[in-house]
1. Please indicate, with yes or no, whether at least one residue in segment 45-53 is within 28 Å of the chain's Cα centre (by Cα) and farther than 22 Å from Gly19 by Cα.
2. In segment 6-18, what residues are of a type outside the set (Asp, Glu) and modelled with pLDDT under 85?
3. Pairs, please: C-beta under 7 Å, at least 6 apart or cross-chain, first residue in contact (Cβ under 8 Å) with a residue 12 or more places away in the chain and in segment 13-35, second in a helix (DSSP H, G or I)?
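The values are calculated or read from the model by the stated rules, or taken from the named source; none is laboratory data. Everything quoted here is computed from the prediction, not taken from an experiment. Reconstructed Cβ throughout: ideal geometry from the backbone, glycine too, with neighbour counts over all protein chains shown.
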Amino acid sequence: MQPQHSQDNSLIMFINGAGVAIAYGLLALSLYLSTDVPLATKGYWGIGVLLLTLSLINFVKYRFDSRLSEDRIQRLEEAKNEKILEEFVTADKAA
């Protein structure tokens, strides 16, 4: 059984994925049905949208990795401080 937080994330990711798929589908349909726009322009727009999507995915990934790194550093600092306090308390009791 998954925790509630994981289920919520899965649901949100599914809804976002469905939204992206629908948006791509509607974009492809509109490019296909627009007869006034030359094929080269349609391809240019399609490539632009795909590259923008890749850029946004990379941006989110690097932001997530940065936050994860900051959290890891903070946990290490907390563990170090806890160890220093523990050594201080045990040295105090021994004296």
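1. No, that holds for no residue.
2. Ser6, Gln7, Asn9, Ser10, Leu11, Ile12, Met13, Asn16, Gly17
3. Hits for this filter: Leu27/Val49; Leu31/Lys42; Leu31/Trp45; Leu31/Gly46.
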